[in-house]
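Visitor: I have a structure I would like to understand better, so I am pasting it below and will then ask my questions one at a time.
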Amino acid sequence: MVRYQEAAPFKDESNVSQWAQDALQLAARHGIVNGYADGSFRPQQHATRAEVVALFAQALLPLL
């Protein structure tokens, strides 16, 4: 089963590199990335190890 949800735009989406915008929207629609509680994505900030693990877990969860 493919999970799909309407992806709300991140308030700092204009800071996402153009080459990554489609991938970000796709990942957001599938619940792989959610952004931060304040509605931002913070594309210029380094990801922490915990954030990368959470991203992989969300991406791989449907395969289990």
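The values are calculated or read from the model by the stated rules, or taken from the named source; none is laboratory data. These figures come from a predicted structure and were not determined experimentally. Note: ideal-geometry Cβ built from the backbone for every residue, glycine included; neighbour counts use all protein chains shown.
Visitor: Scan region 30-64 for residues that are part of a helix (DSSP H, G or I) and either hydroxyl-bearing (Ser, Thr, Tyr) or modelled with pLDDT of 90 or more (or both) and jot them down.
Guide: Scanning region 30-64 gives Arg49, Ala50, Glu51, Val52, Val53, Ala54, Leu55, Phe56, Ala57, Gln58, Ala59, Leu60.
Visitor: Residues being closer than 19 Å to Gln21 by Cβ and of a type in the set (A, V, I, L, M, F, W, C): count how many of those fall in region 43-59.
Guide: 3
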